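See below for the structure under consideration.
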Amino acid sequence: MARVASACLFTVNFLSYIIVCHQDSSSNRSREQNSVSESSRRFRTEFLEDWPQTPGSPYFDPSTPDNVTGLVGHPVTLLCKVKNLQNRTVSWVRHRDIHLLTVGRYTYTSDQRFEAQHKQRSEEWALRIRSPQRRDSGQYECQISTTPPIGHAVYLSIVEPETEIMGGSDLFIYAGSTINLTCIVRHTPEPPNAINWSHRGKTINFDSTRGGISLVTEKGIHSSSRLLVQAARTSDAGAYECVPDNAQSASVRVHVLTGESPAAMQGKAHSFRLSSILHLIGALHFVKWCISVLMISN
């Protein structure tokens, strides 16, 4: 009986040892498999540049701009950022004529000013326009080839450098006061090197014996030039022109008043117009009276 019990105890201990060894072996194999899996993943990511597949649909990065402003003749780029593109493609379409411009990295228009730009593994898909013109302004759309397609609209504004003298085309001032003209230059690729002024077609000489003429110029995104002519005389009247060296010129006509104010001049013009209207009404009433008299006599 004692021998039977000893044999049973030996058998139990032996089986327990086998089970423990098996568990240790399975655990080691699991760790080895996990290690192999991790190494494989790192190899694919680091050496094969295998991108992880993110669940969900593609979408546009919220930082993608909605409005772009460019200058005539200077390259401009419309940018589109797409997240989780997977196996879809990105296209650019011009809304004006529903014209397909690019698909992926390929350009599909015969207009050689347009070019698709994309760096491999990048989320950015760009449409570049060389030498844009005013007619290129309008809405463009970056589209993803989902079903149905989804798009992100970008509005392009192509502007030209412009020059403006503040205050309108005519300036009325009293003799003896200061002529104050401010010229603004906008939308230039870089600030103008010089902004010149002319009076009656002749460049203003700041060192002339006339004296009292000064100029203040500030350069930046919007450059400005301020012309001051002190103690205005009748000889200072006439056309003034602001001439930047990288944009169109602008002009203003200055009127130097020695007597009546502009308000009085406008008041007289208003009175003249009113009296003319009254005379016209009186004449119409007279004609109407004449016609009625003729009808009665007949």
Practice task
Could you tell me which residue of the range 101-147 is farthest from the chain's Cα centre (by Cα), considering only residues that are of a type outside the set (S, T, N, Q) and at positive phi?
Solution key: ARG121
Handout entry: Matching residues in the range 107-158 - criterion: being acidic (Asp, Glu) and open to solvent by less than 40 Å² (accessible area, probe 1.4 Å)
Key = ASP136, GLU141
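Please tell me if VAL82 is touching a residue at least 24 places away in the same chain (Cβ under 8 Å), within 30 Å of PRO189 (Cβ to Cβ), among the β-branched types (Val, Ile, Thr) and open to solvent by less than 30 Å² (accessible area, probe 1.4 Å).
Details: touching a residue at least 24 places away in the same chain (Cβ under 8 Å): yes; within 30 Å of PRO189 (Cβ to Cβ): no; among the β-branched types (Val, Ile, Thr): yes; open to solvent by less than 30 Å² (accessible area, probe 1.4 Å): yes.
So VAL82 does not fit the description; no.
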Practice task
Looking only at the range 216-236, decide whether some residue is touching a helix residue (DSSP H, G or I) at 6+ places or on another chain (Cβ under 6 Å) and either at pLDDT 65 or above or hydroxyl-bearing (Ser, Thr, Tyr) (or both).
Solution key: yes
Completion exercise
The condition from (1) under 25 Å from SER63 (Cβ atoms); (2) over 15 Å from the mean Cα position of the chain (by Cα) that GLY167 misses is numbered (1)
Practice task
Scan (1) modelled with pLDDT under 95; (2) open to solvent by less than 30 Å² (accessible area, probe 1.4 Å); (3) part of a strand (DSSP E or B) for the single condition SER91 breaks and write down its number.
Solution key: (1)
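The values are calculated or read from the model by the stated rules, or taken from the named source; none is laboratory data. Keep in mind that this is a model prediction, so the values were computed, not measured. Backbone-built Cβ (ideal geometry, glycine too); neighbour counts: all protein chains shown. Calculation scope for accessible area: heavy atoms of the full protein, side chains included, ligands and nucleic acids excluded. Shrake-Rupley method; radii C 1.70, N 1.55, O 1.52, S 1.80 Å.
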